Amino acid sequence: MKLALLGFPVNHSKSPDLYREILGRELESYDLLSFELSSQIPSLDDLCQRYHGLNITTPHKRHFFNNVLIPNHDVRLIGAINTIAFTNAGAIGENTDFLAVIEILQEFKIRHPQLQLVLLGGGVMAKVTELAAQKLTLPLIKLIRSINGDLAHISLLKKDLGLNPNTKVIVVNSCSREFVFRGKMERDYIFWDYNYAFSPHEDLIPNIVETYIDGQDMLKRQAIAAVQFWAKQTLNLSTK
């Protein structure tokens, strides 16, 4: 398979190594396509001639949304895709981030019956998290800068959020890598960071909360889901 990751920046991405681990010799190549502006992105037809599948990351998850087939109703509600399969029937889009988040939240829900999600951010991954929480009937407090002000220094103490002291809180950070959280949390919290290999949080957060989880597990799960998605499609191998 010939694959690529489209986004900006992507130089820090672990996806090439991850897909080599998952696909082994089946992976012919995995290119990193870094474009800051959407106007710089190659056309879907051009990418189809070069690759069997495409991963898409920030800030371009909405770029091809209106140009691909999207069978998954949940993905249409999210309004963004992170995976494309190039097939004889056309380009087909999926959001494997959503599949991974659902899977992980299900596991949290089993372990912690009194669970409360506190979501930081308002972008695509925030929308993914909101929909996943809704489908799993998990309570969620969403905090965004335009309404709640400076999220970097906000208090997330249970009393300030109006929560029961026995509530198990998971803070979900969907903000970009430019965001560093320095606000107040309680020791029994879980901080789930969608970013990975992000040293400001790796150095700071574990000293404040019970558990710090970065985005590496989610990255691997969404990659496995992407491979499964591609495998279900009829790949247009004849033009590659």
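A short reminder: the numbers here are calculations on the coordinates, not readings from a lab. Since the structure is predicted, the reported quantities are computational estimates derived from the model, not experimental observations. Neighbour counts run over all protein chains shown; Cβ positions are idealised from the backbone, glycine included.
Miscellaneous remarks
- For the range 126-240, with +1 on Lys and Arg beta carbons and -1 on Asp and Glu, the positive-most of I147, I190, T129 along the dipole: T129
- Quotient of the Cα radius of gyration of the chain and 2.2 N^0.38 Å, N being its number of residues: 1.05.
- Residues of the range 210-233 with amide N under 19 Å of the 7 Å Cα→Cβ point at S176: 215
- Whole-number percent relative contact order across the range 98-215, with pairs defined as alpha carbons under 8 Å at least 6 apart: 24
- Shape category assigned to the range 98-215 from the gyration tensor of Cα positions, a/c cut at 1.5: rounded
- Segment D150..K232, full-extension length gain: 25.1 nm, with 0.36 nm per residue of separation and the alpha-carbon distance subtracted.
- Exposure proxy ranking for K135, K159, based on other Cβ atoms within 10 angstrom of each Cβ and starting from the fewest, stands as K159, K135.
- Choice from N166, N66, N82 with maximal GNM fluctuation in the chain (Cα, 10 Å cutoff): N166
- The angle between the Cα long axis of helix 216-232 and the main principal axis of the chain comes to about 30°, on a 0 to 90 degree scale.
- Crossing angle, helix 96-111 versus the chain [Cα axis fit, 0-90 degrees, rounded to tens]: 30
- Between L23 and A197, the FRET efficiency from the beta-carbon distance, with R0 = 22 Å, is close to 0.50.
- Two-site label geometry, N207 and Q106: point separation in nm, points 7 Å out along Cα→Cβ: 3.8
- Which of Y212, Y194, Y30 has the fewest Cβ neighbours within 10 Å, and the rest in rising order: Y212, Y30, Y194
- Remark: for residue pairs K2/K232; K2/K220; K135/K158; K61/K184, the C-alpha separation exceeds 22 Å in K135/K158; K61/K184.
- Amide H contacts under 5 Å for I141, placed H, 5+ residues apart: L117, V118, L119
- Estimated 222 nm signal from helices in the chain, with DSSP H stretches of n ≥ 4 weighted -39500 (n - 2.57), rounded to 500: -9500 deg cm²/dmol
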